[in-house]
Amino acid sequence: MSYAGAMTSQLPDGAGVNIRTLSGIKELNLARAILDEVWPGEDGTQITANLLQAMLHNGTYLAGAFFADEIIATAFAFPGVSESKELHLHSHMAAVKEKFRNRNIGSALKLHQKNWALEHGFKTITWTFDPLVRRNAKLNIIKLGVQVFDYFEDFYGDLPDALNAGDPTDRVMAHWDLIGNHSALVGAEGAAIALSIADGKPVEHEVNTPFVLCYLPEDIIEMRSSNSSLSLQWRLALRNQLKPRLANGWQIAGLTSDGAYILNQLQHVKH
């Protein structure tokens with residue numbers, strides 16, 4: 001079954017962006033060019049044309065966002081099976097050209113992907129994201145309402161691309177329930193601060209409560225290029241706070257307006 005649906009999303013300035021699924025070598029190469037532009041690396045390409053064509057022919061999701069006939073963003077996802085043997089869609093890569101970022105295109109791509117997933121019988125979409133990147137946390141947790149139960153240390157190993165080079169690729173896993181109505185609007189009143197910021201540096205605090213806050217740096221991506229030592233301090237500090245908690249029945253329940261994860265200890269069913 002193919003999905004021919006397309007969506008039109010409005011940029012903040014009122015301009016229209018058309019989002020649709022892609023097909024054929026010419027269009028998949030447009031998507032590959034976006035991925036390679038956003039994640040340039042020494043290997044030359046993020047995914048080869050023949051592999052992407054084979055995956056696309058066998059049920060993967062590939063979409064592009066177009067503005068004035070120019071492709072400006074893309075998203076790529078494939079079917080996966082969870083530990084509980086449930087089928088889900090795994091969203092592996094999404095990329096937006098630099099001059100079009102922070103204009104709601106990423107969230108529009110996610111909504112298109114949601115429609116495609118439901119049309120194809122998927123009830124859940126998963127993806128990894130860097131827990132240090134505050135803007136991604138805001139999109140995923142606040143706008144989309146994903147749930148986060150899992151932390152993976154150095155998940156992808158060493159990545160040579162410009163965004164990740166030199167930094168351990170720690171990731172958390174987003175679980176987006178397409179049927180339920182999970183809300184990330186969780187109050188933080190009464191939560192103890194487990195990770196704070198002092199002069200731009202992470203400060204860890206020993207707390208023994210089932211409800212804590214972990215603050216994030218404002219822009220870890222800029223920090224990686226300007227102060228890699230400080231960036232690594234943040235990586236290790238956040239890992240120390242998130243990894244053991246998520247491994248022991250905690251979840252990221254929300255995000256405060258000033259950039260702190262809200263974590264609580266709850267019983268949950270692993271996806």
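The values are calculated or read from the model by the stated rules, or taken from the named source; none is laboratory data. These numbers come from a predicted model, not from an experiment. Counting neighbours? That spans all protein chains shown, and the Cβs are built from the backbone with ideal geometry, glycine included.
Below is a table of values for the structure above.
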quantity: Strands (runs of 3 or more DSSP E) (entirely within the stretch 177-268) containing at least 1 residues that are under 19 Å from the mean Cα position of the chain (by Cα) and surrounded by 21 or more Cβ atoms within 10 Å (Cβ to Cβ); calculated: 211-215, 250-255, 260-265
quantity: Failed item, numbered, when ARG224 is tested on (1) touching an Asp or Glu at 6+ places or on another chain (Cβ under 9 Å); (2) over 20 Å from ASP167 (Cα atoms); calculated: (2)
quantity: Any pair with Cβ under 8 angstrom, 6 or more apart, that starts in the stretch 110-126 at a residue that is in the same structural domain as PHE78 (by TED's automatic domain parsing) and β-branched (Val, Ile, Thr) and ends at one that is in a helix (DSSP H, G or I) and surrounded by fewer than 19 Cβ atoms within 10 Å (Cβ to Cβ); calculated: ILE125/LYS114
quantity: Which numbered condition PHE122 fails, given (1) surrounded by fewer than 21 Cβ atoms within 10 Å (Cβ to Cβ); (2) part of a loop (DSSP other than H, G, I, E, B); (3) of a type outside the set (D, E, K, R); calculated: (1)
quantity: Residues of the stretch 127-145 that turn out to be without any contact (Cβ under 8 Å) to a residue 40 or more places away in the chain and either in a strand (DSSP E or B) or within 10 Å of the chain's Cα centre (by Cα) (or both), as a count; calculated: 4
